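We did not get these values from a lab; they are worked out from the coordinates using the rules stated. These numbers come from a predicted model, not from an experiment. Because the Cβ atoms are built from the backbone with ideal geometry, glycine has one as well, and the counts that use them run over all protein chains shown.
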Amino acid sequence: MFLRPLYRRQNGRRQAYWALVESYRTQRGPRQRTVAYLGQIDEADRLGVQQATEPRFASSQRRLFAESETPPRYVEIDRTRVRVENCRQFGGPWRALELVKKLGLDEFLKRALPPGKSTFPGR
């Protein structure tokens, strides 16, 4: 996965909006699909998303929990002054889609539902 900038002009200025994109292979060659639109995010948020999407290997996890020679350092904080800012959720729909694929529900629905446009009653 990677971040892709999407540009549009607004009030004469070029604005960058960001999307989380996944690459995958098909019989016709490599393709890309948008997993989530993140909107306008600053550089710190982009770096955080990039780090979250980087593949993690078992060797790095082992080092994380390995016994160290130095004891851990603890810092006392005032929990009443801690807050979360600019929290973005983008993994829920993607995770649900992956679960549907893993359970095989996507293939079942393709077989069970006829292709075509669905109509919904108006208001």
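The label-point distance for CYS87 and ARG111, in a model that sets each label 7 Å from Cα toward Cβ, rounds to 4.1 nm. Distances between placed amide hydrogens fall under 5 Å for LEU38 paired with TRP18, ALA19, LEU20, all partners being 5 or more residues away or on another chain.
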